[in-house]
Amino acid sequence: MSQSQVKTAVITGAAGGIGKELARRLAERQLNLVLVDLKEEALKTVIEELGLNESNSLAVAADVSKEEDVQNYVNKAVEKFGTIDYFANNAGIEGPTGLLEEQSVKALDLVYSVNVRGVFLGLHYIIPVMKKQQSGAILNTSSLAGLMGAPGMSPYIMSKHAVIGLTRVAANEVASFGIRVNAVLPGTINTRMMRQIESNSGNANSFKEANEAATPLGRYGEPQEVAAVMNFLLSEEASFVTASLYTVDGGMMGQ
Ligand SMILES: NC(=O)c1ccc[n+]([C@@H]2O[C@H](COP(=O)([O-])OP(=O)(O)OC[C@H]3O[C@@H](n4cnc5c(N)ncnc54)[C@H](O)[C@@H]3O)[C@@H](O)[C@H]2O)c1
């Protein structure tokens with residue numbers, strides 16, 4: 001396959017639990033990968049672990065909440081590989097745990113800056129690239145927290161509801177350009193993020209056990225299990241799927 005036929009994927013939060021496993025799946029398809037995260041060092045480790053090299057990958061350190069950083073990762077991707085065929089708009093933070101009256105405006109703004117402004121900015125700068133190509137697929141990472149309310153994480157829950165709204169708007173705006181936009185909604189997944197949420201709860205073990213008991217499959221999911229669904233949505237296998245929400249939650253939402 002000539003380099004010009006090789007498709008390119010951009011993944012934000014690529015040094016994290018789910019992002020790295022998605023990168024692994026997309027690397028198996030021989031895609032060019034643009035890996036975006038806060039720290040270049042962490043991305044270099046992923047590149048090494050996945051056996052990628054300079055010709056098929058690019059690490060771009062960026063804070064997705066900063067407009068100039070987003071512009072930069074999009075420009076760098078296009079400069080190096082020419083197209084952006086797939087975009088996993090995945091970076092996110094959990095923010096603090098606490099009841100509404102305990103949450104601060106500062107915490108709300110921080111969570112929103114990454115989980116909502118970051119996702120908006122990714123769409124804002126990548127959609128024009130895909131429109132020019134008249135093709136592309138975008139996958140926003142929301143959460144089961146985008147559909148459900150639960151006590152204690154209002155900024156995160158609000159932000160993930162917003163990602164669903166953004167997904168639906170974007171999907172409707174770009175469908176006629178041959179671009180698909182979907183959202184993946186993981187439940188409780190074994191990554192750093194759940195370890196932090198467990199620890200914030202004040203009793204990590206009982207919090208985890210309660211979550212497992214509330215899940216029909218009786219356990220947390222693994223990042224590989226989320227990446228498998230993301231891999232499908234970011235492929236031609238999903239050519240008739242857009243504006244859709246895919247839960248990967250061991251059955252929690254279906255109860
Ligand atoms: N783990 C879960 O149970 C779970 C459940 C539902 C949704 N999610 C969502 O999945 C996505 C990935 O989470 P994860 O579980 O892999 O967590 P993670 O903490 O392992 O990975 C998140 C990654 O995002 C990066 N990141 C954070 N802020 C950033 C910023 N401002 N700019 C660039 N990168 C930034 C982090 O450095 C990290 O590498 C997130 O959007 C998260 O909200 C996770």
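The values are calculated or read from the model by the stated rules, or taken from the named source; none is laboratory data. Only a predicted model underlies this, so the values are computations on that prediction, with no experimental measurement involved. Note: ideal-geometry Cβ built from the backbone for every residue, glycine included; neighbour counts use all protein chains shown. These accessible areas exclude ligands, DNA and RNA; they are computed on the full protein's heavy atoms, side chains included. Shrake-Rupley method; radii C 1.70, N 1.55, O 1.52, S 1.80 Å.
Taking the stated definitions as given, is S113 part of a helix (DSSP H, G or I), within 9 Å of the ligand (Cβ to nearest atom), surrounded by fewer than 24 Cβ atoms within 10 Å (Cβ to Cβ) and among the hydroxyl-bearing types (S, T, Y)?
yes
Quick check on the range 119-136. Is at least one of its residues open to solvent by 20 Å² or more (accessible area, probe 1.4 Å), within 11 Å of the ligand (Cβ to nearest atom) and closer than 28 Å to N211 by Cβ?
no
If only one of A145, A150, A171, A204 is away from the ligand (no atom under 11 Å from the Cβ) and closer than 19 Å to G251 by Cβ, which one is it?
Every option except A150 fails the conditions.
When you go through K80, K66 one by one, which is the residue that is more than 26 Å from A175 (Cα to Cα) and within 12 Å of the ligand (Cβ to nearest atom)?
K66
Which members of the range 72-82 meet the condition of being open to solvent by 40 Å² or more (accessible area, probe 1.4 Å) and in contact (Cβ under 8 Å) with a residue 12 or more places away in the chain?
Residues satisfying the conditions are N72, K76, V78, K80, G82.
Looking only at the range 23-58, count every residue that is within 19 Å of the chain's Cα centre (by Cα), away from the ligand (no atom under 12 Å from the Cβ) and open to solvent by less than 40 Å² (accessible area, probe 1.4 Å) and tell me the total.
Count: 10.
Can we say P151 is touching a residue at least 40 places away in the same chain (Cβ under 8 Å), surrounded by fewer than 19 Cβ atoms within 10 Å (Cβ to Cβ) and over 21 Å from L123 (Cβ atoms)?
Yes: the conditions hold for P151.
With respect to the numbered conditions (1) farther than 18 Å from M130 by Cβ; (2) over 16 Å from the mean Cα position of the chain (by Cα); (3) in a loop (DSSP other than H, G, I, E, B), which one is the sole condition not fulfilled by E68?
Unmet for E68, out of (1) farther than 18 Å from M130 by Cβ; (2) over 16 Å from the mean Cα position of the chain (by Cα); (3) in a loop (DSSP other than H, G, I, E, B): (3).
Hey, any hits in the range 94-111 for a residue that's touching a Pro at 6+ places or on another chain (Cβ under 9 Å) and of a type in the set (V, I, T)?
yes
What pairs come up if the first residue lies in the range 32-61 and is in a loop (DSSP other than H, G, I, E, B), the second is within 9 Å of the ligand (Cβ to nearest atom) and open to solvent by 30 Å² or more (accessible area, probe 1.4 Å), and their beta carbons are under 7 Å apart, counting only those six or more places apart or on different chains?
Note: pairs meeting the criteria are L38/A61; L38/D63; K39/A15; K39/A61.
Do any residues in the range 83-110 that are farther than 18 Å from M153 by Cα and away from the ligand (no atom under 14 Å from the Cβ) have Cβ atoms under 8 Å from those of residues that are open to solvent by 30 Å² or more (accessible area, probe 1.4 Å) and basic (K, R), where the two are at least six apart or on different chains, and which pairs are they?
T83/K7; D85/K7; Y86/K7
Within 11 Å of the ligand (Cβ to nearest atom), open to solvent by 20 Å² or more (accessible area, probe 1.4 Å) and in contact (Cβ under 8 Å) with a residue 60 or more places away in the chain - does that describe any residue in the range 2-16?
So far as the range 2-16 goes, yes, one or more of its residues are within 11 Å of the ligand (Cβ to nearest atom), open to solvent by 20 Å² or more (accessible area, probe 1.4 Å) and in contact (Cβ under 8 Å) with a residue 60 or more places away in the chain.
Name the residues in the range 194-211 that are within 24 Å of K20 (Cβ to Cβ) and in contact with a helix residue (DSSP H, G or I) (Cβ under 7 Å, 6 or more places away or on another chain), would you?
E198, A204, K208, listed by residue number.
Could you tell me how many of the residues in the range 176-202 are modelled with pLDDT of 95 or more, of a type outside the set (K, R) and open to solvent by 60 Å² or more (accessible area, probe 1.4 Å)?
Total meeting the criteria: 4.
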